[in-house]
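Worksheet for the structure shown next.
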Amino acid sequence: MTLLALTAGAMGMQSAAVRLLGQMSTTYLTSTLIGIFQSLAVRRVPPDWQRSAGVLLAFVAGAALGVAGAVASPVLVPVAVMLPLAAVVLGAAGSAAPRPPRALGGHRS
């Protein structure tokens, strides 16, 4: 049960971090794949094909590097997983820090 709760928390943090990137969601890869294959099927190039192809290539390259790292040094896999997670948690904690109240009237000096 603890593992399930930790996984749910990690997925929530991932979703929150991805939403900060803009018009992306955690289902972005699936949508990108569908869009690319749909474009190939109808032989029509969408206007944002460079972004979609770049995202897809980045995912594939990241997966390949992850596999290569896991095969080369399995002992370091937990470190490779925890470092980005720690960076996201620290970044989120820093952005959620209390801020001083604004002056009334909306004037900035």
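The values are calculated or read from the model by the stated rules, or taken from the named source; none is laboratory data. Because the structure is predicted, anything quoted here is derived from the model rather than measured. Cβ: placed from backbone, ideal geometry, glycine included. Neighbour counts: every protein chain shown.
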Could you give me the residue pairs with C-beta distances under 8 Å whose first residue belongs to region 36-51 and is at pLDDT 75 or above, whose second residue is among the hydrophobic types (A, V, I, L, M, F, W, C) and in a loop (DSSP other than H, G, I, E, B) wherever it lies, and which are 6+ apart or on separate chains?
-> Ser39/Val45
Close pairs (8 angstrom Cβ cut-off, 6 or more residues apart or separate chains): free of Cβ contacts under 8 Å to residues at least 40 places away in the same chain and hydroxyl-bearing (Ser, Thr, Tyr) in region 66-80, part of a helix (DSSP H, G or I) and surrounded by 10 or more Cβ atoms within 10 Å (Cβ to Cβ) anywhere = none
Residue that is modelled with pLDDT under 75, closer than 27 Å to Ser95 by Cα and of a type in the set (A, V, I, L, M), where the choices are Leu29, Leu4 | Leu29
From Ala70, Ala58, Ala64, residue being surrounded by 12 or more Cβ atoms within 10 Å (Cβ to Cβ), in a helix (DSSP H, G or I) and modelled with pLDDT of 85 or more = Ala70
Collect the residues in region 37-55 that are exposed (fewer than 11 other Cβ atoms within 10 Å of the Cβ) and among the β-branched types (Val, Ile, Thr), keeping them in residue-number order.
-> Val42, Val45
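Counting just the residues of region 84-109 that are under 30 Å from Met11 (Cα atoms) and loosely packed, with under 10 Cβ neighbours inside 10 Å, which one comes out modelled with the highest pLDDT?
Only one residue fits best here, namely Ala93.
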